[in-house]
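Following: one structure in structure tokens, then a few remarks.
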Amino acid sequence: MTIGSIVACLKWVAHPGEPNDERFAGMSPADQSALEFALQQGAAMGVGVVAVTVGPAGAERVLRDALACGVARAVRIHSARPMQSDDVAAAIAAVIPDATWVWCGDYSLDRGSGSVPAFLAGRLAAQQALGIISVSRSADGVIEATRRLDGGRRELLSVAAPAVVSVEGATAHLRRAGLAALRAAGKAPIEVVQSSTPAAPYDAVVHPYRPRARALAAPAGDAALDRLRALTDAGAAVSARGEQVTLEPAAAAAKIVDALKSWGYLA
Amino acid sequence: MSTPTLGLDCDVIVVGGGPAGSCAALVAARAGLDVVLIERGPFPGSKNMYGGVVYPRILDSLIPEWWLEAPIQRWVTRRSTMLLTDTQAMTVDFRSEAWGRPPYNGATAFRPDWDFWLAGHAEAAGAQILTSTTVTGLIRDASGAVVGVHTDRPDGDLRARVVIACDGVNSFLAKEAGLYTHTDAKHFTLGVKETLALPEEVIDERFNVRDRQGVDIEILGGTSGVNGGGFIYTNLDTLAVGVVLKLPALAAQKARPEDIIATLKAHPAIAPLVQGAELKEYSAHVIPEAGLEMMPKMTMPGMLVAGDAAALCLAAGIWLEGVNFAMASGMYAGEAVIEAIKAGDLGSKGLAGYERRLRDTFVLRDHRKLRRAPKLVLSDRVQHLYPAMVANTVERMFRVDNPAPKPGVRRILREERKRAGVKLSDLARDGWNGFRSFG
Amino acid sequence: MSTTPPTNRPTEMLEPHAWGGMSFQERMATAEFRIHHEPHIVVDGSVCSDCSTRECVVACPASLFVPTSDGGIVFNHEQCFECGTCYLVCNREGAISWNYPEGGHGIVFRRT
């Protein structure tokens, strides 16, 4: 099965406050932005957008929302149970091998790790631009995108096709579906394909984020105040921690892992 | 499904996915009509709030054995009517095991659950439900007949043979169509409510019930001097505690709604029931309270009005019903529309079957019978004088004043009537009115 | 071993706010509002300025009408129950223009 060049990957997610209530489930804000960017790009290029989701039949509701907003085709990759991110990416990649632009939300509402776009880029051998907050079009086959960095900085990216672009929530306001389109979407056909990865069962556990506790050596100092200072760095001159190195990616990753271990963030 | 005539988008537009709208859509869709139900909330029921008890007998014909699937909280097997003064409480309590068995009588339920469930039946019958869509006005032809609605979506006009307006108490459609000659604050009450969490077994214990049995407590007095009433209903693991307040009285007395609930909850007779319960949801809604006195014209060419939009809410003191009137009026509107479409006449004459059905059934018969009740129950004497008179009379009947001998009940009544400042002629008139209303 | 003798003194009647202890903001936070940036209700302060009764201020269950020091009324549409109380109790023609928010927005009830 070959599918057109602009794809929006959408996930049907539960409302964090009502995890077991389908009335509150829907597209996350990041996915809504991704869909809007995809529709804008589709309109500019004169190409119909394809919406893809992975999930049970109930997940077709996001596809109907997308159809109402103007996507040309909707495909559901059937999966009765939650899957690991890489399996989701593999299942999507198998359906859209020739896609040139793949738009994803950065994170789903249910506190996903945001890793599907990365796996998907890997599977499609495409470029990846993540954390995008705005997009301006430029030459054919290339887009200019802005990404948010720490400390209020911005990074301008020039992204060439094929690429997987994941966008933050509320960066583009999803258009309001017209009435006739909404009516038609309710009855439109949705293509269903079986997942190419009969993935190992994986039960997603949704829980609020809590930083892990880490063990620290007892602080030095005779007085309680000294020990407190040693623990908190309070009163110490603010100094930049860490070092700047230039390394190959694999060596850099190993170095980061070592540093995180030594600081107690990783076991 | 029939194919609508050229220039029409569908046969029937139902505005509002509440109990009236869903029953109207269900009936019309089952007859094979092309029905579109438009709901402004993200799902049917999301905008809807009420006290908390539904009496679904009317569903027997639409959804046989509805009790096997309806999303109810508890079956009401105890009904209490409570009269409060600041320091006294008198309760008349009734319970029946029959109400805890099929076919049941009343149940507590959350409206977002109940209405969503009912809308699901309309959808299953073939009606198309469009959510997150607000109807903003009527489309009318040169003769003034309604031929469709405007919505707030792009290209948002929708045309149909007939529109059933089930758009709730504020019914802008009925007003736009001129079916309401006037709306007056005195015809409305404000319902405010707290949904309070308590463990199921604590509710069972405090309210003396078990096995999904529930309690309905209606309260006269206890509303901080604002004309109205209070209520407590048991859900599975929450309580619905709230007050219904006459709008002009609320505005005039400078009492905030949430403070009136807080005062009710602190009453010595109520506090032990709600102690330690955590607020899960605060909610409010306006209620059309005046019955026949405020009802609009029910039909016009191309449009019918049902449910709260038609003020079909029975607020008669000991009877507080709305959802059943909404479901029935929606059902009858659907039936009348089928008839009118078959006859090819969607003018006033063709739609007359709707009003006939309302008149011939409990929908208007109950309202006619109880037409004096809303005013009487919310009157100043019933609200402010009688509770103290009755409670003081009963207190003196049961108080042992030895060595003084027991006084006769007639003497107590006379003295307490005078002390409360009630004229015998007023009492007689209210008593006669009450007898005529409720008898 | 000493035991406290049981007393039969009446306990004080509970004050309305003696328990629960919840602020109005916390109360309103129990309801979900999907806020639309455009206000669906607009208050014309110039009509309100010579109103002395201010029914909306006391009756609105969400307490969205706030009098200002210069005699006007500030209105916040974000936590509106869409009940209609304000326009029903208001006796100034044209002071409150009342509509429903765009479909899908506004109050979303769950347990009521």
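The values are calculated or read from the model by the stated rules, or taken from the named source; none is laboratory data. Everything quoted here is computed from the prediction, not taken from an experiment. All Cβ positions, even for glycine, are placed from backbone atoms using ideal geometry, and neighbour counts span all protein chains on display. Each accessible area value is taken on the protein alone, full model and side chains, heavy atoms only, with ligands, DNA and RNA left out. Shrake-Rupley method; radii C 1.70, N 1.55, O 1.52, S 1.80 Å.
When residues in the range B:48-57 are screened for being open to solvent by less than 10 Å² (accessible area, probe 1.4 Å) and either facing chain C (nearest Cβ under 9 Å) or more than 16 Å from the chain's Cα centre (by Cα) (or both), 1 of them pass.
If the condition is being assigned to a strand (DSSP E or B), open to solvent by 50 Å² or more (accessible area, probe 1.4 Å) and over 21 Å from A:Ala25 (Cα atoms), then the range A:69-123 contributes only A:Arg73. The residue pairs whose first member lies in the range A:108-126 and is in contact (Cβ under 8 Å) with a residue 24 or more places away in the chain, whose second member is of a type in the set (Ser, Thr, Tyr) and in a loop (DSSP other than H, G, I, E, B), and whose beta carbons are closer than 7 Å, counting only pairs six or more residues apart or on different chains, are A:Ser108/A:Ser28; A:Leu109/A:Ser28; A:Arg111/A:Tyr209; A:Gly114/A:Tyr107.
Part of a strand (DSSP E or B), touching a His at 6+ places or on another chain (Cβ under 7 Å) and either open to solvent by less than 40 Å² (accessible area, probe 1.4 Å) or not hydrophobic (A, V, I, L, M, F, W, C) (or both): is that true of B:Gly191 in this structure? The answer is yes for B:Gly191.
Checking A:Leu130, A:Leu157, A:Leu174, A:Leu182 one by one, the residue that is in a helix (DSSP H, G or I) and either touching a residue at least 60 places away in the same chain (Cβ under 8 Å) or within 18 Å of A:Trp101 (Cα to Cα) (or both) is A:Leu182 and no other. Scan the range C:97-112 and give yes if some residue there is at positive phi, open to solvent by 10 Å² or more (accessible area, probe 1.4 Å) and at the interface with another protein chain (Cβ under 7 Å from one of its Cβ atoms), otherwise no. Yes, the conditions are met somewhere in the range C:97-112.
Let me confirm something: among A:Leu179, A:Leu157, which residue is modelled with pLDDT of 90 or more and more than 26 Å from the chain's Cα centre (by Cα)? Can you show your working first?
On the way: A:Leu157 fails: more than 26 Å from the chain's Cα centre (by Cα).
None of the other options fit; the residue is A:Leu179.
Residues in the range B:88-115 that are within 14 Å of chain C (Cβ to nearest Cβ), within 30 Å of B:Arg396 (Cβ to Cβ) and not aliphatic (A, V, I, L, M): B:Gln88 alone.
Filtering the range B:222-229 for residues that are outside any loop (DSSP other than H, G, I, E, B), under 25 Å from C:Ala31 (Cα atoms) and either hydroxyl-bearing (Ser, Thr, Tyr) or more than 10 Å from chain C (Cβ to nearest Cβ) (or both) leaves a non-empty set.
Which number in (1) touching a residue at least 40 places away in the same chain (Cβ under 8 Å); (2) assigned to a loop (DSSP other than H, G, I, E, B); (3) more than 9 Å from chain B (Cβ to nearest Cβ) marks the one condition that C:Val47 misses? For C:Val47, the failing item is (2).
A search for C-beta distances below 8 Å between a residue of the range C:76-92 that is at the interface with chain B (Cβ under 9 Å from one of its Cβ atoms) and in contact (Cβ under 8 Å) with a residue 12 or more places away in the chain and any residue that is buried (at least 20 other Cβ atoms within 10 Å of the Cβ) and of a type in the set (Ser, Thr, Tyr), counting only pairs 6+ apart in sequence or on different chains, returns C:Phe81/B:Ser283; C:Glu82/C:Tyr100.
Has the range B:320-331 got any residue that is among the aromatic types (Phe, Trp, Tyr), open to solvent by 10 Å² or more (accessible area, probe 1.4 Å) and either modelled with pLDDT under 95 or not assigned by TED's automatic domain parsing to the domain that holds B:Gly222 (or both)? Reasoning before the result, please.
Of all residues in the range B:320-331, those among the aromatic types (Phe, Trp, Tyr) come to B:325.
Next, only the ones that are open to solvent by 10 Å² or more (accessible area, probe 1.4 Å) stay: none.
No: the range B:320-331 contains no residue that is among the aromatic types (Phe, Trp, Tyr), open to solvent by 10 Å² or more (accessible area, probe 1.4 Å) and either modelled with pLDDT under 95 or not assigned by TED's automatic domain parsing to the domain that holds B:Gly222 (or both).
B:Val241 meets the conditions (1) assigned to a strand (DSSP E or B); (2) facing chain C (nearest Cβ under 10 Å); (3) open to solvent by less than 10 Å² (accessible area, probe 1.4 Å); (4) touching a helix residue (DSSP H, G or I) at 6+ places or on another chain (Cβ under 7 Å) in every case but one. The failed one is (2).
Go through C:Arg27, C:Arg34, C:Arg54 for me and flag whichever is basic (Lys, Arg), surrounded by 17 or more Cβ atoms within 10 Å (Cβ to Cβ) and within 11 Å of chain B (Cβ to nearest Cβ).
Details: C:Arg34 fails: surrounded by 17 or more Cβ atoms within 10 Å (Cβ to Cβ); C:Arg54 fails: surrounded by 17 or more Cβ atoms within 10 Å (Cβ to Cβ).
Among C:Arg27, C:Arg34, C:Arg54, only C:Arg27 is basic (Lys, Arg), surrounded by 17 or more Cβ atoms within 10 Å (Cβ to Cβ) and within 11 Å of chain B (Cβ to nearest Cβ).
Listed here are the helices (runs of 4 or more DSSP H) enclosed by the range B:311-401 that have at least 3 residues being within 30 Å of B:Tyr233 (Cα to Cα): B:323-343, B:362-369, B:373-377, B:386-398. Residues of the range B:111-133 include none that is touching a His at 6+ places or on another chain (Cβ under 8 Å) and surrounded by fewer than 17 Cβ atoms within 10 Å (Cβ to Cβ). Taking the conditions (1) modelled with pLDDT of 95 or more; (2) open to solvent by less than 40 Å² (accessible area, probe 1.4 Å); (3) over 19 Å from the mean Cα position of the chain (by Cα); (4) away from every other protein chain (no Cβ under 14 Å) in turn, A:Val165 satisfies each one other than (3). Of the strands (runs of 3 or more DSSP E) contained entirely in the range B:123-186, those carrying at least 2 residues that are within 12 Å of chain C (Cβ to nearest Cβ) fall at B:135-140. Of all residues in the range A:124-154, those being under 25 Å from A:Val95 (Cα atoms), surrounded by 19 or more Cβ atoms within 10 Å (Cβ to Cβ) and over 15 Å from the mean Cα position of the chain (by Cα) number 3.
Hey, among C:Gly104, C:Gly72, C:Gly84, which residue is of a type outside the set (A, V, I, L, M, F, W, C) and touching a Pro at 6+ places or on another chain (Cβ under 8 Å)? Within the list C:Gly104, C:Gly72, C:Gly84, the selection yields C:Gly104.
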